[in-house]
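Down below is the structure, laid out as C-alpha cells.
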Amino acid sequence: MPETTEVLLDDFENTARWTLAGPGAGRTHLTTFAEGAPDKRPVDYADGRRGADRRALVLLVRDAENELEIELAARPDPAFAPSGVVSAVGVYVRSPHAEIRISADLVTADGARCEVPLGRVPASGEWQRIGHEPVQPLAGAEVRALRVRLVEVVPRAGEVMILLDDLTARTAR
C-alpha cells in the first residue's frame, strides 16, 4: 500500500493567487492576517519542503447577509495541484461573525469537475479543521476554487471576517 502524505498546497495565503467571484465578490476584500491556525504539526509542502504556515487568508465581507456566496477562484500557473492521487482535501477555518458552509471545486486529470463539501462552520472565534474524503481517490486533482456561503450572519454592524489557513491535500504517491 502506498504511503499517504498530507501536503500543504503552496502559497495558499498569497492574495495574488486568488480572485474573488460570485454574488458576494463586490462586497468582499481579500487580505492576510498574521494569525494562523494553532496546534498544527508541520507537514510536507507540495514542492517537498517541510513547514507550517503562520499567516491566514482573510475574507472581509461588507453588508453581509444570509445565503450570500463568495467564490475564491485560484489563479492558474501553477494551479493548486498536489502530486499523486488525492484522498482528502482540508482547510482550517475561523468565522467569528457568521455560520458558513464551504466547498471546494476540483478538476481531475481527465478534466472532470466536481464540487466537494468541506463542511459547515458555526459562528465562533475558534479555529476548526474541515475537509472531505471522496469515496474514490481523485487522480491529478487540482483545487480550482473555494466557495463560501454565509448561512447565518450574527447580527452586528460592520464586516464579517472569515479566516482560512493551510489548504491541504492527503495524497498517495
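Please treat every number below as a calculation from the coordinates, not as lab data. Not measured: the values here are computed from a predicted model. All Cβ positions, glycine included, derive from the backbone under ideal geometry; neighbour counts span all protein chains shown.
Below, the figures for the structure above:
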{"read-out": "Highest-first arrangement of 117-123, 62-68, where packing means the average Cβ count within 10 Å", "value": "117-123, 62-68"}
{"read-out": "Whole-angstrom gap from segment 1-30 to segment 95-131, using each part's C-alpha centre", "value": "11 Å"}
{"read-out": "Gain upon complete extension [residue 15, residue 62; 0.36 nm per residue less C-alpha separation]", "value": "15.1 nm"}
{"read-out": "Net length gained if the chain between residue 154 and residue 4 were fully extended (0.36 nm per residue, minus Cα distance)", "value": "50.1 nm"}
{"read-out": "Burial ranking of peptide ranges 157-170, 10-23 (average Cβ count within 10 Å, highest at the top)", "value": "157-170, 10-23"}
{"read-out": "Whole-percent pair-distance distribution, where bins are 10 Å wide, for the alpha carbons of the chain", "value": "10, 41, 36, 12, 1, 0"}
